[in-house]
Structures are given as C-alpha cells and as structure tokens.
Amino acid sequence: MLFIPALAGLLVAGSIGLILAIKPSAQVYDRILALNFIGTLTVLFIAVIGFVFGRPEFLDIAVAYALINFIGTIAVLKYLKSTGETPAIESLADGGVVTGNTDGEESVTDASANGKVEGNSSNQRSVS
Amino acid sequence: MAVELALDIASGILLGLGALLIVIAAIGMLRFSDLFKRLHAASVAETGGMLCLVAGMLLQSPHWLVAVKLVLIALLLMLTNPVSTHALARAALYDGYRPALRKREEQAASSGHGKVPDGQASHRKAQP
C-alpha cells in the first residue's frame with residue numbers, strides 16, 4: 001500500500017508547480033501550464049485521498065474537478081489569444097524569435113525572419 | 001490470499017511508479033528552459049503518471065462502481081489534457097513564441113554575416 005508515498009509525491013510535484021506559477025520570470029503561458037499541471041495533480045490527489053480515508057465518494061469530486069480544470073484552461077486561453085491569422089509555415093520554420101528562459105541563455109532574436117509573425121512586443125508579456 | 005498479495009504488490013509498484021513519474025515531470029518542468037520543452041515535460045505527468053496512479057488505485061478498488069469512476073477519471077483526463085496542451089501550444093505560437101530550434105553559436109555565426117536572405121533554410125536542413 002503505497003498510498004501515502006503517492007500523496008507525498010503529488011504534494012512535492014504540486015509545490016514545484018506552484019514555484020513555477022509564481023516565479024517572477026515566468027510568462028503568461030508558463031503560468032497557465034503550471035495551473036493546468038496543478039489541476040491535474042489535484043484531481044489525482046483527491047482520488048488518492050479518497051482511498052486513504054476509505055471514502056470513495058471523493059471520486060465524484062475528482063471527476064467534477066477534472067471537467068472544471070479543462071474548461072478553465074480553455075477559457076483562459078481563449079481569453080488571451082487563440083484566434084486570428086494562421087502563421088505562415090515559412091515564418092514558423094525560420095526560427096523567428098527564440099523565446100527561451102528569461103535568464104537570457106537562449107534568447108536570441110532574428111530580426112530578419114519575423115516579418116510575418118508578430119513582432120517582439122508581444123513576447124515579453126508577463127503578469128506581475 | 002496469494003491473489004490478494006499479488007494485487008497489493010502490483011498496485012504498490014504502480015502507485016510508486018506513478019508518483020516517481022510525476023515528481024520527475026515536475027523536476028523537468030523546473031529545469032527546462034523553453035516553454036515548449038516544459039509542455040513536453042508536463043505531459044509526462046499528465047498521461048503517464050496519471051495512468052499509473054489510476055491503475056494502481058484500480059487494483060485496490062473495493063466495489064465495481066469505484067472502478068467505473070476511476071476508469072471515467074482516466075478517460076476524462078486522457079481526453080482533456082492533450083487537448084489543453086495543444087491549445088496552450090497553439091495560443092503561444094500565435095502569440096509569437098517560437099520553439100528554440102537553433103543553437104546560440106550557430107545563430108551568432110549566421111547573424112555575423114549580416115542578412116542571410118535565403119540560405120537559412122538549406123542551412124538548417126543540413127542540420128540533423
């Protein structure tokens with residue numbers, strides 16, 4: 001019965017996801033990714049804790065939480081930006097703007113290649 | 001008796017493997033430098049770790065209704081998590097984020113020559 005180590009692993013992973021979500025150098029999509037990750041872990045956590053306490057009714061809550069998590073992620077992404085002109089294939093293949101970590105390790109820009117995509121102004125959008 | 005022991009051992013192995021996968025995915029999300037790499041790391045937990053944990057709980061289910069709910073949770077998460085990952089990557093791509101395709105030295109070398117009008121595609125095609 002490894003329910004308690006599974007709970008511990010879920011808690012550790014959830015705290016790492018929380019660190020990712022509140023890190024000051026994170027961009028909007030990193031935060032959304034961390035939110036979705038934490039939501040999935042919460043679903044599993046509720047299911048496992050139902051088994052630990054011997055109350056299988058918690059699985060209904062887990063099902064509802066999974067649905068709400070998906071709807072919330074899709075709604076936030078739709079609110080941000082997911083429509084508009086499809087980027088051209090050449091502009092996708094040409095590198096364009098490489099947005100790595102904001103530590104500046106890989107953040108090189110190719111000013112001659114991002115003609116069709118949106119410029120650099122929308123890349124540094126971050127919630128602070 | 002022996003069947004119950006085998007079920008306990010199998011569910012313990014599955015629960016431990018699931019917790020391990022989830023923690024590894026969280027560490028990967030913390031260590032990777034690009035948004036798309038982080039998406040890749042998160043999907044390890046959201047499909048692999050989730051399936052292992054749910055299978056481990058499924059072997060311990062006391063009633064068939066609990067097993068049905070667990071299968072329902074697994075199906076829901078397997079349907080919704082790739083969809084939200086895809087929507088997140090698509091929204092980030094439309095917002096101007098690009099995956100880091102080239103290395104830094106190569107980028108510096110190609111930008112050192114000034115504008116490289118159309119040699120970039122073949123240059124990258126030679127790259128493995």
Dipole in debye (nearest 20) - region B:2-100, about Cα centre, beta carbon charges: Lys, Arg +1; Asp, Glu -1: 360
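For peptide B:80-90, how many partner chain Cβ atoms fall within 10 Å of a residue's Cβ, on average? Could the numbers behind the result be given before it?
On the way: counts 10, 9, 0, 3, 13, 3, 0, 9, 11, 2, 4.
Counting other chains' Cβ atoms within 10 Å and averaging over B:80-90 gives 6.
Kirkwood Rh, Cα Rg: Rg to Rh for region A:1-77?
Details: Rg = 13.7 Å, Rh = 13.2 Å.
When Rh is taken as the Kirkwood radius, the ratio is 1.04.
So for each of A:41-52, B:34-45 I average, over its residues, the number of other beta carbons within 10 Å; can you give me the resulting order with the highest mean first?
Details: A:41-52: 22.6, B:34-45: 20.6.
The densest-packed peptide leads the list: A:41-52, B:34-45.
No value in this document is a laboratory result; all are computed from the given coordinates. Computed from a predicted structure; not experimentally measured. Using ideal geometry, Cβ is built from the backbone for each residue, glycine included, and neighbour counts are taken over all protein chains shown.
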